[in-house]
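These notes concern the structure reproduced below.
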Amino acid sequence: MTLWQTIAAEAERESPLWAESLRAEADREHVPVFSPLADKRFALGLETIYEGYLVHYGRPRLFAAPDPDAALLLGDYLYAHGLVRIAELGELEAIRLLADLISRCAQLRAAASAGDGEAWAETAARLGGNGARGAREEALAVHARRIDSAP
């Protein structure tokens, strides 16, 4: 099962509302953004958390929530589930880094400030990554296309 299939299948099992929010398979985008900057073992948790961020503030790859209330709940579910995935690895420092990232980005969005992409890239790199040359720039470019310009 791919990372994307795992995220979708677990959400589908968790709640009928999440199942209804899944895009049709043909409409899903299987594009990793910040996980290529981190150690591979963090990919599932990191992309789950990032999908939650996109549900809140951008254009998600896997989900299309039916309304703003469902989007808020779905995004929070994905944040929590991604952190659970990281916790399963026994990496407490990684959990701290990601929780700080979620908080920092929420503050940036509330203040209508720039810098969320840089915060994501910095945190992903701190998760032990050795991204390929140009991976950071590519991640930031993809992020800029996926995120809404207004909070």
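The values are calculated or read from the model by the stated rules, or taken from the named source; none is laboratory data. All of these numbers come straight from a predicted model, not from anything done at the bench. Using ideal geometry, Cβ is built from the backbone for each residue, glycine included, and neighbour counts are taken over all protein chains shown.
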### Summary
Of (1) outside any helix (DSSP H, G or I); (2) closer than 15 Å to GLN5 by Cα, TRP18 fails just (1)
### Query
GLU29 versus (1) among the charged types (D, E, K, R); (2) crowded, with 19+ Cβ neighbours inside 10 Å; (3) not in a helix (DSSP H, G or I): which is the lone unmet condition?
(2)
## Note on the structure
Taking first residues from the range 89-116 that are under 13 Å from LEU46 (Cβ atoms) and second residues anywhere that are part of a loop (DSSP other than H, G, I, E, B), the pairs with Cβ under 6 Å that are 6 or more apart or on different chains are ALA94/LEU127
### Query
Looking at this structure, is ALA8 hydrophobic (A, V, I, L, M, F, W, C), buried (at least 17 other Cβ atoms within 10 Å of the Cβ), in contact (Cβ under 8 Å) with a residue 40 or more places away in the chain and under 26 Å from THR123 (Cβ atoms)?
yes
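Is one or more of the residues making up the range 5-24 of a type in the set (Phe, Trp, Tyr) and closer than 18 Å to HIS143 by Cβ?
If we filter the range 5-24 for residues that are of a type in the set (Phe, Trp, Tyr), which is where we start, we get 18.
Now drop any that are not closer than 18 Å to HIS143 by Cβ, which leaves none.
No, the range 5-24 has no match at all.
Out of the range 11-20, which residues are under 16 Å from ALA80 (Cα atoms) and either without any contact (Cβ under 8 Å) to a residue 24 or more places away in the chain or crowded, with 16+ Cβ neighbours inside 10 Å (or both)?
Just the residues of the range 11-20 that are under 16 Å from ALA80 (Cα atoms), to begin with: 11-15, 18.
Of everything in the range 11-20, those that are under 16 Å from ALA80 (Cα atoms) and either without any contact (Cβ under 8 Å) to a residue 24 or more places away in the chain or crowded, with 16+ Cβ neighbours inside 10 Å (or both) turn out to be ALA11, GLU12, ARG13, TRP18.
I'd like to know if the range 32-40 contains one or more residues that are over 18 Å from HIS143 (Cα atoms) and free of Cβ contacts under 8 Å to residues at least 40 places away in the same chain.
First, the residues of the range 32-40 that are over 18 Å from HIS143 (Cα atoms): 39-40.
From what is left, the residues that are free of Cβ contacts under 8 Å to residues at least 40 places away in the same chain are 40.
Yes, the range 32-40 contains at least one residue that is over 18 Å from HIS143 (Cα atoms) and free of Cβ contacts under 8 Å to residues at least 40 places away in the same chain.
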### Query
Could you count how many residues in the range 65-94 are at pLDDT 95 or above, buried (at least 18 other Cβ atoms within 10 Å of the Cβ) and farther than 26 Å from ALA19 by Cα?
1
### Query
Right, TYR53: under 18 Å from VAL33 (Cβ atoms) and in a helix (DSSP H, G or I) or not?
yes
